[in-house]
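Each value in this text was obtained by applying a stated rule to the coordinates, not by laboratory testing. Because the structure is predicted, anything quoted here is derived from the model rather than measured. We place every Cβ from the backbone using ideal geometry, glycine too, and count neighbours over all the protein chains shown.
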Amino acid sequence: MGIADSWQQEQVSLAYVAALATRGGYTLGKWEVDKDGVDLSIKRSDGLTFELQMKCTYSPELVRRGTAYSYDLDMPTYDKLRAATRTSVGFLGLVVVPRDIEEWMIHDEHELSMRCSGYWAKIQDLPACENSSTKAIHLPVSQRIDLSGFEEMFSHAWHRLMFGAQAGVAA
């Protein structure tokens, strides 16, 4: 059984989003350095954009009676993703993979299949947190990173564009 290094987890999470963005016809921008708390920007043909900070785990913690995954996000990244001054809506993405890296993908003569699933949470406009090094983010299992999930994230981007920085805070 092979256990993945953190860089391999990062790469599979980026590949997961890249495959979906390609399938959906979206433009994908990958940031070389994520000093702004962003790994990827996803752009639709009408110009709407949202941004993702991607994480990956093989040992997810289920919370809320099995309806959400919990991820402890470091405070600097949390604050960057929630900042009211962002021009693109900030999301956290979490890709869940099997523990054994050999099980992440199935590749045979005719097919390459990824054995992982992704979930998202909107961080934009969430409140500040004091006296903590991390913030537990709950990513509902119903908020999958898939093509319909992308459209939900674009919807948040649209509402923010139309109604301002605090639009959809409860969303």
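Proximity of backbone amide H atoms, modeled 1.01 Å from N, is registered between Phe50 and Ile42 at under 5 Å, excluding neighbours fewer than 5 places apart on the same chain.
The phi-based Karplus calculation (6.51 cos²θ - 1.76 cosθ + 1.60; θ = phi - 60°) puts the 3J(HN,Hα) values of the stretch 131-136 at 6, 8, 9, 9, 10, 6 Hz, whole numbers, x for Gly and Pro. Taking a quarter of the surface of the Cα convex hull of the chain gives a mean projected area of 10.9 nm².
Over the chain, DSSP H runs of length four or greater, each weighted -39,500 (n - 2.57), average out per residue to a 222 nm ellipticity of -8500 deg cm²/dmol. The DSSP beta bridges internal to the chain are antiparallel in roughly 80% of cases. As a rough footprinting exposure proxy, the listed residues Ser148, Ser6 were ranked by other beta carbons within 10 Å of their own, and the order from fewest upward is Ser6, Ser148. Residues His110, His156, ranked from the fewest to the most other C-beta atoms within 10 Å, line up as His110, His156. Only Cα pairs under 8 Å and 6+ residues apart enter the sum, and on that basis the relative contact order of the stretch 1-141 stands at 25 percent.
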